[in-house]
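One structure below.
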Amino acid sequence: MVQVMADFVGYKGSIHTFIKMACALDKNGVDAIVVSADLWAHDIFVLCGAFATHTQKIKLAFVTNPYSWLPALVARSAATLASLSNGCVRICFCAGGSFTLKPLDIPMWNKPVTRLREAIQICRQMLTGKSIDYHGKIFTLNNTHIDFPFPDETPGIFIAGRGLKIMALTGELADGAFIEPISTVYENKIMAIIEQEAY
């Protein structure tokens, strides 16, 4: 099934104009709108909350990273947005995020595969609504849970990236990948790796 997503990178207009664009995309049958957590751009969780209260069917996908945003807090935000949008939420983790990490002086590529793996595992467990204990190589949670009602439909979790190890992790744990336009040869190679790990 073909889906159409509108990915906004580098948008610098007002939030009110952004909301109007989201409404227009929703009315015209676009499947999803994607916003990225770049430090200089609108806050993705506030933005998606505004979209949720003004749109009907469009999926709200936000791209963040497990370096500057703790996975447990991402899960809590996703649960909140799912409540606002009747479950129309998608989480996407990226392995980097230079527009945010460099200005904050956070090292990039610090165990990205392990960090992404643990972030996805934490989000999946927290979005069951059950209390969890988690002790990984990067993250630790003790008796942590979301203590408010949210839709039973668990938000999809995606990975944005192109590295072969990242794509293998996508096939193993994620619901899909966000891949920027690349050569057909490399795209086919990536898809083969995802499929190998998924089946």
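The values are calculated or read from the model by the stated rules, or taken from the named source; none is laboratory data. Everything numeric here is computed off the predicted structure, so don't read it as measured data. FYI the Cβ positions are ideal-geometry reconstructions off the backbone, even for glycines, and counts take in every protein chain you see. Keep in mind that these areas ignore ligands, DNA and RNA; they rest on the heavy atoms of the full protein, side chains included. Shrake-Rupley method; radii C 1.70, N 1.55, O 1.52, S 1.80 Å.
For segment 34-44, the condition of being charged (D, E, K, R) and without any contact (Cβ under 8 Å) to a residue 40 or more places away in the chain holds for at least one residue. Being part of a loop (DSSP other than H, G, I, E, B), of a type in the set (Gly, Ala, Ser) and either open to solvent by 20 Å² or more (accessible area, probe 1.4 Å) or at positive phi (or both) is a condition met by no residue of segment 98-118. Restricting 53, 64, 100 to residues that are within 19 Å of residue 166 (Cα to Cα) and either hydroxyl-bearing (Ser, Thr, Tyr) or in contact with a Cys (Cβ under 8 Å, 6 or more places away or on another chain) (or both) narrows the list to 64. Restricted to segment 21-41, and to residues there that are open to solvent by 60 Å² or more (accessible area, probe 1.4 Å) and not aliphatic (A, V, I, L, M), the residue that is farthest from residue 79 (Cα to Cα) is 28. The single condition among (1) within 21 Å of residue 10 (Cβ to Cβ); (2) open to solvent by less than 10 Å² (accessible area, probe 1.4 Å); (3) in contact with a Leu (Cβ under 8 Å, 6 or more places away or on another chain) that residue 66 does not satisfy is (1).
Pick from segment 158-179 the residues that are touching a Lys or Arg at 6+ places or on another chain (Cβ under 7 Å) and within 25 Å of residue 6 (Cβ to Cβ): which of them is modelled with the lowest pLDDT?
Applying the filter and picking the extreme gives 179.
Can you pull out every residue in segment 56-88 that is within 23 Å of residue 102 (Cβ to Cβ), free of Cβ contacts under 8 Å to residues at least 40 places away in the same chain and not small (Gly, Ala, Ser)? Matches in segment 56-88: 62, 64, 65, 69, 73. Being under 16 Å from residue 39 (Cα atoms) and either open to solvent by 80 Å² or more (accessible area, probe 1.4 Å) or within 14 Å of the chain's Cα centre (by Cα) (or both) is the filter here; which residues of segment 9-20 pass it? Passing the criteria: 9, 12. Cβ-Cβ below 9 Å, separation at least six or inter-chain, first residue in segment 104-118 and of a type in the set (Asp, Glu), second in a helix (DSSP H, G or I): which pairs? Between residues of segment 104-118 that are of a type in the set (Asp, Glu) and residues that are in a helix (DSSP H, G or I), the close pairs are 118/71.
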